[in-house]
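**Student:** One structure, pasted below without further comment.
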Amino acid sequence: MRALLILLVFLNLAFAAWALLIDRPVYPPAAHDLSHLPKLLLTSESLPGANPATSAAQGGTTSTPPAHCVTVGPFSDIAGSAAAAELLKTRGFTPVQRDEPGEDLIDYWVYLDLPSEAEATRILQKLRAGGLADARIMPATTTTETRRVSVGLFTERGGAERRSRQVKTLALTPVISEAHQSQATYWVDINLASPSQIVSTEGLLPSAVDGAHLEIRDCPAAASSAPPSASAPAASSAPKRGGAGTP
């Protein structure tokens, strides 16, 4: 019993020594002020007060605003658009020429259908004697083909009807038909640095062109091709503008 009491006293002393000398509480370290350290930034963020363009350049994400395409025209022929393109080059542009279908030209043809070459020749002499000096026999490709005598090609129906009445005074029966001819218009496309950039049309049209004017508008989504050129006329086709028998 005495030994047990001594053992308990020893254990109490040992526990007290351990609590005082070994089992000391661990306190957390004191907080440090980090306000003086630089702030970490994500790659998508920019420094306060920095120029966005400069920040984008440093990040390798520079972006150039898309060019604004406008087209200048229409020009009636490719020579006119080529001259305008050369002038626009001297003004710092890089022009590109293109063509697109234009409005059809409508001509009114007055003619006579005759059964033979001999009859066509006789009627031609009668027409010229009646004051229609521009009448002519249209060429034929076969000997059996009906011969056609042209007595006029007009840009307005009124002119064709007046010519028809004149032919009827010679006891002849003329025919009036419409002839449609496709034509192309020509344009010059240029890129602007910004939509507000001014494009001057001064000097782009020859001064000899009467009544013509140029437009400046946005380029079409896809440039269209010019219509196919008209094939050579057959024997009974209407004469081209400016040819013989075309008043």
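The values are calculated or read from the model by the stated rules, or taken from the named source; none is laboratory data. Here the structure is a predicted model, which is why all the values come from computation and not from measurement. Every residue, glycine as well, gets a Cβ built from its backbone with ideal geometry; the counts of neighbours run over all protein chains shown.
**Student:** Within the stretch 97-151, count every residue that is hydroxyl-bearing (Ser, Thr, Tyr) and more than 26 Å from Glu161 (Cβ to Cβ). Working first, answer last.
**Tutor:** Just the residues of the stretch 97-151 that are hydroxyl-bearing (Ser, Thr, Tyr), to begin with: 108, 111, 116, 121, 141-144, 146, 150.
From what's left, more than 26 Å from Glu161 (Cβ to Cβ): 116, 121, 141-144.
The total comes to 6.
**Student:** Can you pull out the residues in the stretch 128-150 that are more than 50 Å from the chain's Cα centre (by Cα) and outside any loop (DSSP other than H, G, I, E, B)?
**Tutor:** Within the stretch 128-150, Arg128, Ala129 qualify.
**Student:** Has the stretch 163-182 got at least one residue that is out of contact with any Asp or Glu (no Cβ under 8 Å at 6 or more places or on another chain), closer than 15 Å to Gly131 by Cα and hydroxyl-bearing (Ser, Thr, Tyr)? Steps first, please.
**Tutor:** Of the stretch 163-182, the ones out of contact with any Asp or Glu (no Cβ under 8 Å at 6 or more places or on another chain) are 163-174, 177.
Filter once more, so that each one left must be closer than 15 Å to Gly131 by Cα: 163-172.
Right, trim to hydroxyl-bearing (Ser, Thr, Tyr) and you get 164, 169.
Within the stretch 163-182, one or more residues are out of contact with any Asp or Glu (no Cβ under 8 Å at 6 or more places or on another chain), closer than 15 Å to Gly131 by Cα and hydroxyl-bearing (Ser, Thr, Tyr).
**Student:** When you scan the stretch 167-193, how many residues do you find that are within 44 Å of the chain's Cα centre (by Cα), surrounded by 15 or more Cβ atoms within 10 Å (Cβ to Cβ) and more than 30 Å from Leu205 (Cβ to Cβ)?
**Tutor:** Residues meeting the conditions: 1.
**Student:** Moving on to the next point. Between residues in the stretch 172-195 that are closer than 30 Å to Pro115 by Cα and residues that are part of a loop (DSSP other than H, G, I, E, B) and among the aliphatic types (A, V, I, L, M), which pairs lie under 7 Å by C-beta distance while being six or more apart or on different chains?
**Tutor:** Short answer, once both residue conditions are applied: Ala179/Ala238; Gln181/Ala230.
**Student:** Within 60 Å of the chain's Cα centre (by Cα), at pLDDT 90 or above, of a type in the set (A, V, I, L, M, F, W, C) and in a strand (DSSP E or B) - does that describe any residue in the stretch 88-103?
**Tutor:** Quick first cut of the stretch 88-103, residues within 60 Å of the chain's Cα centre (by Cα) only: 88-103.
If we keep only those that are at pLDDT 90 or above too, we end up with 88-99.
If we keep only those that are of a type in the set (A, V, I, L, M, F, W, C) too, we end up with 88, 93, 96.
Pick out the ones that are also in a strand (DSSP E or B) and you get 96.
So far as the stretch 88-103 goes, yes, one or more of its residues are within 60 Å of the chain's Cα centre (by Cα), at pLDDT 90 or above, of a type in the set (A, V, I, L, M, F, W, C) and in a strand (DSSP E or B).
**Student:** In addition: Anything in the stretch 97-121 that is in contact (Cβ under 8 Å) with a residue 60 or more places away in the chain, under 22 Å from Ser177 (Cα atoms) and of a type in the set (D, E, K, R)? List them, or say none.
**Tutor:** Of everything in the stretch 97-121, those that are in contact (Cβ under 8 Å) with a residue 60 or more places away in the chain, under 22 Å from Ser177 (Cα atoms) and of a type in the set (D, E, K, R) turn out to be Glu103, Asp104, Asp107, Asp113.
**Student:** So Thr43 ticks every box in (1) β-branched (Val, Ile, Thr); (2) at pLDDT 65 or above; (3) not assigned by TED's automatic domain parsing to the domain that holds Ser150 but one. Which box is left unticked?
**Tutor:** So Thr43 meets the others, but not (2).
**Student:** A follow-up question, please. Only residues that are within 12 Å of Ser177 (Cα to Cα), more than 38 Å from the chain's Cα centre (by Cα) and among the charged types (D, E, K, R): list them for the stretch 151-166, please.
**Tutor:** Matches in the stretch 151-166: Glu161 only.
**Student:** Report whether or not Leu124 is in contact (Cβ under 8 Å) with a residue 40 or more places away in the chain and outside any strand (DSSP E or B).
**Tutor:** Numbers: in contact (Cβ under 8 Å) with a residue 40 or more places away in the chain: no; outside any strand (DSSP E or B): yes.
When the stated conditions are applied, Leu124 does not pass them.
**Student:** Moving to a separate point now. Please name all residue pairs, on different chains or six or more residues apart, with Cβ atoms under 7 Å, provided the first residue is in the stretch 77-96 and is loosely packed, with under 12 Cβ neighbours inside 10 Å and of a type in the set (Phe, Trp, Tyr) and the second residue is at pLDDT 90 or above and not in a helix (DSSP H, G or I).
**Tutor:** Going by the 7 Å Cβ cut-off, there are no qualifying pairs.
**Student:** Moving on to the next point. Would you pick out the residues in the stretch 153-171 that are without any contact (Cβ under 8 Å) to a residue 12 or more places away in the chain and within 17 Å of Tyr111 (Cβ to Cβ)? Explain how you work it out, then say what you get.
**Tutor:** Step one: list which residues in the stretch 153-171 are without any contact (Cβ under 8 Å) to a residue 12 or more places away in the chain, which gives 158, 162, 165, 168, 171.
Once the filter is applied, which keeps residues that are without any contact (Cβ under 8 Å) to a residue 12 or more places away in the chain and within 17 Å of Tyr111 (Cβ to Cβ), the stretch 153-171 yields Arg162, Arg165, Lys168, Ala171.
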